[in-house]
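Below you'll find the structure, written out as structure tokens, and then a few comments.
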Amino acid sequence: NAGVTQTPKFRVLKTGQSMTLLCAQDMNHEYMYWYRQDPGMGLRLIHYSVGEGTTAKGEVPDGYNVSRLKKQNFLLGLESAAPSQTSVYFCASSYRGQGAYEQYFGPGTRLTVT
Amino acid sequence: QQQVKQSPQSLIVQKGGISIINCAYENTAFDYFPWYQQFPGKGPALLIAIRPDVSEKKEGRFTISFNKSAKQFSLHIMDSQPGDSATYFCAASSKETSGSRLTFGEGTQLTVNP
């Protein structure tokens, strides 16, 4: 099993450009998440999904959109990139059930917006 | 609003010493408290977790101490090794939270000198 994979690993964008980050998991997890990691700020939740076809806003959703058309995939889109979106982006997935379960993280995508 | 506060931001320990990282939370509905470990260039991975029905959980050299009345929990790494050098995140969740979302602390960068 590959676990959680993310594409691409690195990307440089100019201000105003758009891009899509792809997350894929092969563990049949219901829940999927997108986080951004910035120095001194921990991991902040951007959007999450509790199942195929569903999405919901997290702590810092502005400037991002997501889609979950297939259970195994969770896409994060930046419609008009801004320098403030320079960050490392992590996707994660977990089982659905009573209470909380371990989240499995991908290797991350390092995005620089100039 | 940061609901989980983590300290210190960075920590340097000699090999064989004890590393201690502290977290405090505000939301009394939290009922799951994991610690994640992240090596450079990798995604975070679950290290150890505790639920509030116990005051301590130990797995090898890693121990979580939990103080429900003080709303605090801490990670102790005994006999710290250079291979423990990583960033550590505490987190918290509630079974009442949609999608089993985690709220992360700011992170602690641990360096263990040989």
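Of all aspartates and glutamates in the structure, the ones whose alpha carbon falls short of 17 Å from that of B:K15, not counting any fewer than 8 places away in one chain, are B:D79, B:D84. Here the accessible area of segment A:1-70 is 52 percent carbon and sulfur, with a 1.4 angstrom probe and all protein chains present.
Once you list every other residue whose beta carbon is under 13 Å from the beta carbon of B:S80, what net charge do they have if Lys and Arg are +1 and Asp and Glu are -1? Net charge in that neighbourhood comes out at 0. Going from the chain on its own to the full set of protein chains, segment B:72-107 has these residues losing 20 Å² or more of accessible surface (heavy atoms, 1.4 Å probe, no ligands, DNA or RNA): B:F89, B:K95, B:S98, B:G99, B:S100, B:R101, B:L102, B:F104, B:E106. With K and R counted +1 and D and E -1, the other residues having a Cβ less than 15 Å from that of B:F104 yield a net charge of -1. Specify whether the C-alpha gyration tensor of segment B:9-114 places it in the rounded, prolate or oblate class, a ≥ b ≥ c being the square roots of the eigenvalues: rounded for a/c under 1.5, otherwise prolate if a/b is larger than b/c and oblate if not. It is prolate, given that a/c is not under 1.5 and a/b is the larger ratio.
Remark: for residue pairs A:K70/B:K42; B:K5/B:K95; A:K14/A:K57, the C-alpha separation exceeds 22 Å in A:K70/B:K42; A:K14/A:K57. Each residue of chain A gets 96 Å³ once the volume of the Cα convex hull is shared out per residue. Nearest 5 is fine: what % of DSSP beta bridges in chain A come out antiparallel, could you say? Taking every DSSP beta bridge with both residues in chain A, the antiparallel ones total about 90 percent.
Using a probe of 1.4 angstrom and keeping all protein chains present, the accessible surface of segment B:18-114 works out to 43 square angstrom per residue. Annotation for segment A:1-99: trypsin sites (Lys or Arg not before Pro) lying in DSSP loop with at most 16 further Cβ atoms inside 10 Å of their Cβ are A:K9, A:K14, A:K70, A:K71, A:R96. Rolling a 1.4 angstrom probe over segment B:1-57 with all protein chains present gives an accessible area of which 49% lies on carbon and sulfur atoms. Computed over neighbours whose Cβ is under 15 Å from that of A:T114, the net charge equals +3, Lys and Arg +1, Asp and Glu -1. What the phi angles of segment B:82-93 give under the Karplus curve with 6.51, -1.76 and 1.60, with θ = phi - 60°, is a coupling list of x, x, 7, 4, 5, 9, 10, 10, 8, 8, 8, 8 Hz, glycine and proline written as x.
The values are calculated or read from the model by the stated rules, or taken from the named source; none is laboratory data. The structure presented is a predicted model; accordingly, all values stated were derived computationally and were not measured. Positions of Cβ are generated from backbone atoms using ideal geometry, with glycine treated the same way; all protein chains shown enter the neighbour counts. Protein only, heavy atoms only, side chains kept; ligands, DNA and RNA dropped before computing areas. Shrake-Rupley method; radii C 1.70, N 1.55, O 1.52, S 1.80 Å.
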